[in-house]
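Undergrad: Provided herewith is a single structure, encoded as structure tokens, for subsequent inquiry.
The values are calculated or read from the model by the stated rules, or taken from the named source; none is laboratory data. None of these values were measured; they are calculated from a predicted model. For neighbour counting, all protein chains shown are included, and Cβ atoms are generated from backbone atoms with ideal geometry for every residue, glycine included.
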Amino acid sequence: MRLNKSILRVMKENWGQYIGMLYMLILSVFLFVALTITAQNLKYNKDMYVKNNVQEDLEFYTTNKIDNISKIEDKFDLKLQETLVKEHEYGDKTLRLFTPNEKVNITAVLEGSMPRVGEIALDPQFAKVNKLNIGEIYHIGNSSYKISGYIGMPNYAYILEKDGDMVNNPKTFGIGILNKEDMVSGTYLYSVKYNNENKDVYEQSKTLKSYLNNNGVNIINWIYAKNNMKISILDVEVMAISAYSIILPTVILLITVVLISIVLGRMIKNEMANIGTLYALGYRKKK
């Protein structure tokens, strides 16, 4: 119909406005698709990482070693991982060192390989900021270790130095892995993962904590995974990205709709005289 040509004519007169609205429409669709896919992939990768690397249900530090680990595992139907922890401070930097885990909080190799005797693996953020590359020599006191690779730990999914911290500063704090042959002393850290995931962790842990106290284990810090910021912040970030994937594109789409409505309204007002003339000539409203 001839009337359809008027639409193209009006669009040509205000080409910049329509290009801008088309761009915003495409942007809203792109953001919706991109953020939704990113959120789904991030959640999937996080869930697989937690499952495959056996992220803890709780952890506790002690001043003495627990000798009957296998007995405790059978008695309370759980996995109990012993880890030695030691901190190395130099200047304003602190490196927290762990021995490798095999049952709970299994170390993930992100690049390179797990360290052998005389080697060390570092978290990638600390290594990148401090320009520590794989194959280089890293000095700890009077000892030297070759950097074998970059690692991640499920109980340090978000690397924080201490409780109460909210932001990671890889320039001054990082984590690393040393073999037991290279770290013969340190604080004892025990990570717990219950085999029955359907039972409440808080209820299950009451009997475990009572048993340890009654058997001479001196617990100095006891923290559940849900209360551990180094673990829970990752869940918050996944939830935030999922929310943004819905809210942000929707807001942009609504703004686009409002702008299109305003422009169309102005176009109709400008054409009111012509529309009245067409009515008078017999054109129906549909045409």
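Undergrad: Hey, among the residues in region 185-208 that are within 25 Å of the chain's Cα centre (by Cα) and of a type in the set (A, V, I, L, M, F, W, C), which one's modelled with the lowest pLDDT?
TA: The residue in question is Val201.
Undergrad: When the residues of region 231-287 are narrowed to those that are outside any loop (DSSP other than H, G, I, E, B) and among the charged types (D, E, K, R), which ends up farthest from Leu25 (Cα to Cα)?
TA: Here is the first cut: in region 231-287, the residues outside any loop (DSSP other than H, G, I, E, B) are 231-270, 272-280.
Remaining after also requiring among the charged types (D, E, K, R): 235, 237, 266, 269.
Values: Asp235: 31, Glu237: 27, Arg266: 20, Lys269: 24 Å.
Per the stated criteria, the residue is Asp235.
Undergrad: Mind checking which residues of region 62-95 are surrounded by 14 or more Cβ atoms within 10 Å (Cβ to Cβ) and β-branched (Val, Ile, Thr)?
TA: Thr62, Ile66, Ile69, Ile72, Thr83, Val85, Thr94
Undergrad: Shifting gears a bit: For region 19-61, name all the residues that are touching a helix residue (DSSP H, G or I) at 6+ places or on another chain (Cβ under 6 Å), polar (S, T, N, Q) and surrounded by fewer than 17 Cβ atoms within 10 Å (Cβ to Cβ).
TA: Of everything in region 19-61, just one residue is touching a helix residue (DSSP H, G or I) at 6+ places or on another chain (Cβ under 6 Å), polar (S, T, N, Q) and surrounded by fewer than 17 Cβ atoms within 10 Å (Cβ to Cβ), namely Thr36.
Yes or no, residue by residue, for (1) under 11 Å from Tyr188 (Cβ atoms); (2) touching a residue at least 12 places away in the same chain (Cβ under 8 Å); (3) not in a loop (DSSP other than H, G, I, E, B):
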{"site": "Lys65", "(1), (2), (3)": "yes, yes, no"}
{"site": "Ser70", "(1), (2), (3)": "no, no, yes"}
{"site": "Lys79", "(1), (2), (3)": "no, yes, yes"}
{"site": "Thr83", "(1), (2), (3)": "yes, yes, yes"}
{"site": "His88", "(1), (2), (3)": "no, yes, yes"}
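Undergrad: So Ile147 clears everything in (1) assigned to a loop (DSSP other than H, G, I, E, B); (2) closer than 18 Å to Thr99 by Cβ; (3) aliphatic (A, V, I, L, M) except one condition, right? Which one?
TA: Single failed check for Ile147: (1).
For every residue, the table says whether it meets (1) surrounded by 14 or more Cβ atoms within 10 Å (Cβ to Cβ); (2) more than 29 Å from Asn45 (Cβ to Cβ).
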position: Asn227; (1), (2): no, no
position: Ser232; (1), (2): yes, no
position: Leu248; (1), (2): yes, no
position: Leu264; (1), (2): no, yes
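Undergrad: With respect to Asn155, is the statement that it is exposed (fewer than 15 other Cβ atoms within 10 Å of the Cβ) and closer than 21 Å to Asp47 by Cα true?
TA: Numbers: exposed (fewer than 15 other Cβ atoms within 10 Å of the Cβ): no; closer than 21 Å to Asp47 by Cα: yes.
Answer is no for this residue.
Undergrad: Scan Asn133, Asn105 and give me the residue that is closer than 19 Å to Tyr49 by Cβ, in a loop (DSSP other than H, G, I, E, B) and of a type in the set (S, T, N, Q).
TA: Numbers: Asn133 fails: closer than 19 Å to Tyr49 by Cβ.
Only one candidate passes the filter, namely Asn105.
Undergrad: To continue, here is another question. Restricting attention to region 96-117, report how many residues are in contact with a helix residue (DSSP H, G or I) (Cβ under 7 Å, 6 or more places away or on another chain) and either within 16 Å of Ser144 (Cα to Cα) or buried (at least 21 other Cβ atoms within 10 Å of the Cβ) (or both).
TA: 1
Undergrad: Another question about this same structure. Hey, Leu212 hits all of (1) surrounded by fewer than 18 Cβ atoms within 10 Å (Cβ to Cβ); (2) more than 18 Å from Leu97 (Cβ to Cβ) but one; which does it fall short on?
TA: Of everything listed in (1) surrounded by fewer than 18 Cβ atoms within 10 Å (Cβ to Cβ); (2) more than 18 Å from Leu97 (Cβ to Cβ), Leu212 misses just condition (1).
Undergrad: For region 165-182, which residues satisfy the criterion of being part of a loop (DSSP other than H, G, I, E, B) and surrounded by 19 or more Cβ atoms within 10 Å (Cβ to Cβ)? Give the steps one after another, and end with the answer.
TA: So the first thing to find is which residues in region 165-182 are part of a loop (DSSP other than H, G, I, E, B), and the list is 165-172, 178-182.
Within region 165-182, Asn168, Leu178 qualify.
Undergrad: Listed residues Glu102, Glu136; which is of a type in the set (Asp, Glu) and closer than 30 Å to Asp67 by Cα?
TA: On the way: Glu136 fails: closer than 30 Å to Asp67 by Cα.
Testing whether each residue is of a type in the set (Asp, Glu) and closer than 30 Å to Asp67 by Cα leaves just Glu102.
Undergrad: Collect the residues in region 90-102 that are part of a loop (DSSP other than H, G, I, E, B) and either without any contact (Cβ under 8 Å) to a residue 40 or more places away in the chain or within 17 Å of Tyr49 (Cα to Cα) (or both), keeping them in residue-number order.
TA: Taking region 90-102 first, the residues part of a loop (DSSP other than H, G, I, E, B) are 91-92, 99-102.
Hits for region 90-102 are Gly91, Pro100, Asn101, Glu102.
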